[in-house]
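Asker: Pasting a structure below so you can have a look.
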Amino acid sequence: MKKSLLILSIFLASCFVCFAQVSDEQSEQAFKIMESTDDVLAYHGDYSATISLVIEKPGKPKESLQYKIFERTDSELMTIVQLFPEADKGNGFLRDGENIWSYDPISRKFTHTSLKEALGESDVKIDDINQSETHWRDNYTVSGFEEGTLGKFPVYIITLDAKTTKPSYSKVKYFIRKDVPLTLKEEDFSGSGRLMRTILIPKYTKVPAGYVPTQMLLRDELNKGENTQQVVSDLTFDALPDKIFTKAYLESLN
C-alpha cells in the first residue's frame, strides 16, 4: 500500500511539473527578450540584401539559388526576386500587409500564397525573412522559459506556441544569448511535438545599423541529410522607391 502511494505521489508530482504554466512575469520577460532579438538586428525601415542558398539532399548534386530581397519593415511591405538559376530568374514574391503573392514570369500570373511558402526547394520560408514589430505577441503564447548554455554562451531558452495560423510551425524553441540578444539556435515543432526543422546561426556581422545573421544552417529533421545553407550579402539601408513594392515592378523585370 505504501509503495502504491509512493508511486502515485511521484506520478502526480511529475504531472505537476509537466503542466506547470509559465507565470505572467516570465511570459512578459520572454516577449521582451524576443522583441529585443528584432531590435538588435539591422533590419529596420528600408533595406535590401542578396540571399544565397545552397541546398543539399542525399543522392543529388548541390543546388544553388539566389534571391534579392527588398523590405520596408514598418509598413509590412516586401518584394523578393529570384536571380539564379537563370531558368527561374524573375520568379518572385510580393507582400503588402496580410496579402502575399507569388509571381510566375512565364505565365505572368500572381497567385495568392502565405508566409509559409518556401523559397524554391530549400528549407527557408518567407516567414523566416519576415520582420514585424508585433509578430511575437500577435501570434504566440509563451509555454516555456528557462536558462541554460549553448556551446560557450549562457542563453535564454524560450518556447513559443502558435496561437494563430500565421506561423509556419505550431511550436518554436529559441536559444538566445544573454549578453547580446542574438538567436543562436531555433527548433521548429509540429502540433504533435515532433521536431521538424533546426536552424543554427553560427555567424553574425556587426554593421552600423545593428547585427546581421550572415550565415544560417537549416536542417530538415524529417528528411535526414537535407540541409540548406543561407548566406546574406550586399546589404544596403538606403530608402527604397515605392514602385519596388508593386506588382508592376515584378512584371517589369521580364
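The values are calculated or read from the model by the stated rules, or taken from the named source; none is laboratory data. Small disclaimer: the values here were computed from a predicted structure and weren't measured. Quick reminder, even Gly has a Cβ in these numbers, built from the backbone with ideal geometry, and neighbours come from all protein chains shown. Areas reflect the complete protein model, heavy atoms only, side chains present, ligands, DNA and RNA absent. Shrake-Rupley method; radii C 1.70, N 1.55, O 1.52, S 1.80 Å.
Asker: Just a yes or no: is a residue in segment 133-141 part of a helix (DSSP H, G or I), open to solvent by 70 Å² or more (accessible area, probe 1.4 Å), out of contact with any Lys or Arg (no Cβ under 7 Å at 6 or more places or on another chain) and modelled with pLDDT under 95?
Answerer: Yes: one or more hits.
Asker: If residue 120 satisfies every condition in (1) at pLDDT 90 or above; (2) open to solvent by less than 50 Å² (accessible area, probe 1.4 Å); (3) more than 12 Å from the chain's Cα centre (by Cα) but one, which is the exception?
Answerer: (1)
Asker: From the list 108, 137, 72, which one is at positive phi and in contact (Cβ under 8 Å) with a residue 60 or more places away in the chain?
Answerer: So the residue among 108, 137, 72 that is at positive phi and in contact (Cβ under 8 Å) with a residue 60 or more places away in the chain is 108.
Asker: Please count how many residues of segment 105-117 are open to solvent by 60 Å² or more (accessible area, probe 1.4 Å) and either part of a loop (DSSP other than H, G, I, E, B) or not polar (S, T, N, Q) (or both).
Answerer: Residues flagged as open to solvent by 60 Å² or more (accessible area, probe 1.4 Å) and either part of a loop (DSSP other than H, G, I, E, B) or not polar (S, T, N, Q) (or both) within segment 105-117 amount to 6.
Asker: Restricting attention to segment 147-167, report how many residues are touching a residue at least 12 places away in the same chain (Cβ under 8 Å) and open to solvent by 30 Å² or more (accessible area, probe 1.4 Å).
Answerer: 11
Asker: Name the single residue, out of those in segment 71-101 being of a type in the set (Phe, Trp, Tyr) and under 19 Å from the mean Cα position of the chain (by Cα), that is farthest from residue 50 (Cα to Cα).
Answerer: Applying the filter and picking the extreme gives 101.
Asker: Among the residues of segment 56-68, what is the count of those that are part of a strand (DSSP E or B) and modelled with pLDDT under 95?
Answerer: Of the residues in segment 56-68, 0 are part of a strand (DSSP E or B) and modelled with pLDDT under 95.
Asker: Further question: Pull out all pairs, ordered by first then second residue, where Cβ-Cβ is under 6 Å, the residues are six or more apart or on different chains, the first lies in segment 42-56 and is open to solvent by 10 Å² or more (accessible area, probe 1.4 Å), and the second is of a type in the set (A, V, I, L, M, F, W, C) and not in a strand (DSSP E or B).
Answerer: As it stands, the answer is 46/239; 46/240, since those pairs meet every condition given.
Asker: I've got another one for you. Count, please, the residues in segment 83-136 that happen to be in contact with a His (Cβ under 9 Å, 6 or more places away or on another chain) and under 21 Å from residue 248 (Cβ atoms).
Answerer: 4
Asker: Scan segment 79-102 and tell me whether some residue there is of a type in the set (Asp, Glu) and under 19 Å from residue 236 (Cα atoms).
Answerer: The answer is no, given that none of the residues of segment 79-102 is of a type in the set (Asp, Glu) and under 19 Å from residue 236 (Cα atoms).
Asker: Kindly establish whether residue 201 is over 26 Å from residue 234 (Cβ atoms), open to solvent by less than 40 Å² (accessible area, probe 1.4 Å) and not in a loop (DSSP other than H, G, I, E, B).
Answerer: No: the conditions fail for residue 201.
Asker: Further question on the same structure: Checking residue 217 against (1) of a type in the set (A, V, I, L, M, F, W, C); (2) without any contact (Cβ under 8 Å) to a residue 60 or more places away in the chain; (3) open to solvent by less than 40 Å² (accessible area, probe 1.4 Å): exactly one of these is not met. Which one?
Answerer: (3)
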